[in-house]
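Okay, structure first, notes after.
The values are calculated or read from the model by the stated rules, or taken from the named source; none is laboratory data. The structure displayed is predicted, hence computed values, not measured ones. For neighbour counting, all protein chains shown are included, and Cβ atoms are generated from backbone atoms with ideal geometry for every residue, glycine included.
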Amino acid sequence: MKSVTLLTTKTCPYCKMAKDFLVQNHIQFVEKDINFDAAARNELTRRNIKGVPTLLIGEDVVVGLDKEKILELVDHRIVECRNCHTKLRVPTNKGTTNVRCPKCKSSVVSH
């Protein structure tokens, strides 16, 4: 499954909206503030990207909050085990997926 990294700044209102969108859509991501993370800032410079929010989704890049593009590129969602509430990352677009919780071993079904 693709990793998702959200490059942000604390003062950017669109970054907050992007973060909220990812959370609401149960997408696992890592947030990196370019004002505090030199590697993240260098990644933007290397790719010649001038703005945030920027999402790195696998090998793809989305600059700005393009919700349709983000949902098209992300290949997973986070579901919660009903028994122990462990959060599990499951693939999307695979039909019904049956996953076993690593903590309590119960079956978690995702659609």
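Can you give me the number of residues within segment 38-63 that are of a type in the set (Ser, Thr, Tyr) and surrounded by 13 or more Cβ atoms within 10 Å (Cβ to Cβ)? So that I can check it myself, show each step before the final result.
So the first thing to find is which residues in segment 38-63 are of a type in the set (Ser, Thr, Tyr), and the list is 45, 54.
Filter once more, keeping what is surrounded by 13 or more Cβ atoms within 10 Å (Cβ to Cβ): 54.
Final tally of qualifying residues: 1.
Pick out the one residue from Ile27, Ile49 that is closer than 18 Å to Met1 by Cβ, in a loop (DSSP other than H, G, I, E, B), out of contact with any Gly (no Cβ under 7 Å at 6 or more places or on another chain) and not assigned by TED's automatic domain parsing to the domain that holds Glu80.
Values: Ile49 fails: closer than 18 Å to Met1 by Cβ.
When all the criteria are applied, what remains is Ile27.
Just to check your reading of the model, which residue among Val30, Val61 is touching a Ser or Thr at 6+ places or on another chain (Cβ under 7 Å) and within 24 Å of Lys87 (Cβ to Cβ)?
Numbers: Val61 fails: within 24 Å of Lys87 (Cβ to Cβ).
Step by step, each of Val30, Val61 is checked, and only Val30 is touching a Ser or Thr at 6+ places or on another chain (Cβ under 7 Å) and within 24 Å of Lys87 (Cβ to Cβ).
Across segment 97-106, which residue is modelled with the highest pLDDT among those that are among the polar types (S, T, N, Q) and surrounded by 12 or more Cβ atoms within 10 Å (Cβ to Cβ)? Even if it seems obvious, please write down each step before you answer.
Kept after step one, since they are among the polar types (S, T, N, Q), are these residues of segment 97-106: 97-98, 106.
Then keep just the ones that are surrounded by 12 or more Cβ atoms within 10 Å (Cβ to Cβ); that gives 97, 106.
Numbers: Thr97: 76, Ser106: 89.
Going through the qualifying residues, I end up with Ser106.
Which condition number in (1) part of a helix (DSSP H, G or I); (2) closer than 29 Å to Asn93 by Cα; (3) in contact with a Gly (Cβ under 9 Å, 6 or more places away or on another chain) is the one that Lys2 fails?
Of everything listed in (1) part of a helix (DSSP H, G or I); (2) closer than 29 Å to Asn93 by Cα; (3) in contact with a Gly (Cβ under 9 Å, 6 or more places away or on another chain), Lys2 misses just condition (1).
In the set Asp33, Asp66, which member is surrounded by 13 or more Cβ atoms within 10 Å (Cβ to Cβ) and in contact (Cβ under 8 Å) with a residue 24 or more places away in the chain?
Asp33
I'd like the residue in segment 72-96 that is closer than 28 Å to Thr45 by Cβ and outside any loop (DSSP other than H, G, I, E, B) and, out of all such residues, is modelled with the highest pLDDT.
By that ranking, first place goes to Leu73.
Answer yes or no as to whether Arg89 is under 19 Å from the mean Cα position of the chain (by Cα) and among the charged types (D, E, K, R).
Working: under 19 Å from the mean Cα position of the chain (by Cα): yes; among the charged types (D, E, K, R): yes.
Criteria met by Arg89.
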